[in-house]
Each structure stands twice: as C-alpha cells, then as structure tokens.
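Beneath this line is the structure, given in structure tokens, with notes to follow.
The values are calculated or read from the model by the stated rules, or taken from the named source; none is laboratory data. Please read all numbers here as calculations on a predicted model, not as lab measurements. Reconstructed Cβ throughout: ideal geometry from the backbone, glycine too, with neighbour counts over all protein chains shown. Quick note on the areas: whole protein, heavy atoms, side chains included, nothing else; ligands and nucleic acids left out. Shrake-Rupley method; radii C 1.70, N 1.55, O 1.52, S 1.80 Å.
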Amino acid sequence: MNKTLLISATARSGKDLLTKNFIKFFAENGIFAKRYAFADELKRKLDPLFLLNHGISAFTEDVKEKPLIRGMLLAYGKMCRDIDPYFWVKIIRAKIKENEKSHIAIISDHRYPNESLMFEDKVTINITRLNTDGESPPVGEDEKINMPILKQMADYKFYWTDCGDDLNKCEVLARELFNEIFSPRIKDFQEKFA
C-alpha cells in the first residue's frame, strides 16, 4: 500500500527542494518516503542518445546545456503522451509498485492534469514561487495552459518567496507546509509506512 503526493509548479519553483524536505521530515517521523519524477524516466530514455551524439547528459544541470536539449525532451515527452496519454504515468506507477516496502511516493513534477487521475490514494500540492516581480512565470506553452488547471485541482496551494541561497529559510517554509498538511495524519502514516 502506498500514498502518492503529486507536486506541481512552474519550472525552477522549488519542487525538488520541497520534495527533499518532505522526505527528510517524513524520515524524522519514522516514515519511509521516496521521490519519483516523470522527467527522470524521460531523461533515462534519451540520455544515451544525447551522450553518444553530443556529449551532453539529459540530466545536465549546466545552464548553457539545458536549453540545447530542452526542445528534444519536450518533443519526445509529447510524442509518447500523444501515443498514450498515460505513458509516463504507467512507468512511474510500475516503479512505485516495484518497491516492496509500503511508502509515501512523492512525484516531484506533476505537469499535466490527467497524471493524477491514475493514483487513488493521493494528495496534490501546487507551489507558486513569488519573486520580487510577482509570481514565477510559466516556461513554455504547456505550463501556461496546465498550471492554472493544476493549481485549481490542487488539494493544497502553497505560495513561497524566492529563498535565493538561504536553504534554511526554504526548510522553515517547507516545514510549515508539511505540518499544515500532514500533522493530523502522522500517527496513521507511522502505522502504514514505517
């Protein structure tokens, strides 16, 4: 038995940072949680091609390399979704089920409304990062279309300011959200996912 958390936000809004903090907070309570990402599966499929032909990993964090491969990642991801709208979801569901230990599965990159439909026991969270200029803008057409829908669908909506390099501030904000959502459920989770 697993519980699934799906986190949505525009690019560079802190989805992975929130996920890392949630995993840490669950562990502090003796609860096993693990990160999953649809994009990781996409990158695993394209990484050999990129490395062989261009010497760039699909997992690069280099700000000069990322824009070079982004178009191909998006195009291949879309092609697979056009063939089967649940293509990436099926892969992640299988990976979650492969893990024999009951756990909380945190999907750190919920980007399309249909993705959450295949998870029964779930919590959806939308993050909006606030910059000095307002909300963090969407990157690309898909985010412009899907983020308002995902925000509306979310069980919890969370706004946080840009923490810059202050990871302690981010951790404090993440803990506030964690406590708001999960404090009433911790004992139940400890029984199911310890």
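Against the conditions (1) over 14 Å from D40 (Cα atoms); (2) at pLDDT below 95; (3) of a type in the set (V, I, T), I83 satisfies every one except (2). I need the full set of residues from segment 1-53 which are over 16 Å from I181 (Cβ atoms) and aromatic (F, W, Y), in order please. Those that are over 16 Å from I181 (Cβ atoms) and aromatic (F, W, Y): F32, Y36, F38, F50. Scanning segment 46-61 for residues that are part of a helix (DSSP H, G or I) and surrounded by 15 or more Cβ atoms within 10 Å (Cβ to Cβ) returns L46, D47, F50.
Testing L68 on (1) open to solvent by 50 Å² or more (accessible area, probe 1.4 Å); (2) closer than 30 Å to P184 by Cβ; (3) without any contact (Cβ under 8 Å) to a residue 40 or more places away in the chain; (4) of a type outside the set (K, R), one condition comes back false. Which one is that? Only one criterion in (1) open to solvent by 50 Å² or more (accessible area, probe 1.4 Å); (2) closer than 30 Å to P184 by Cβ; (3) without any contact (Cβ under 8 Å) to a residue 40 or more places away in the chain; (4) of a type outside the set (K, R) is unmet by L68, namely (2). Are any residues in segment 24-39 assigned to a helix (DSSP H, G or I) and buried (at least 17 other Cβ atoms within 10 Å of the Cβ), and if so, which ones? Within segment 24-39, F25, F26, F38 meet the criteria.
For every residue, the table says whether it meets (1) on the phi > 0 side of the Ramachandran plot; (2) of a type in the set (D, E, K, R); (3) modelled with pLDDT under 85.
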residue	(1), (2), (3)
N114	no, no, no
L130	no, no, yes
N146	no, no, no
G164	yes, no, yes
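The criterion of at least 3 residues that are in contact (Cβ under 8 Å) with a residue 12 or more places away in the chain, hydroxyl-bearing (S, T, Y) and surrounded by fewer than 16 Cβ atoms within 10 Å (Cβ to Cβ) is met, among strands (runs of 3 or more DSSP E) falling completely within segment 87-194, by 156-161. Of a type in the set (A, V, I, L, M, F, W, C), in contact with a strand residue (DSSP E or B) (Cβ under 7 Å, 6 or more places away or on another chain) and either farther than 20 Å from T19 by Cα or outside any loop (DSSP other than H, G, I, E, B) (or both), is that true of A75? The answer is no for A75.
Just name the residue that is nearest to S57 (Cα to Cα) out of those in segment 1-22 that are open to solvent by 50 Å² or more (accessible area, probe 1.4 Å) and not charged (D, E, K, R). That would be L17.
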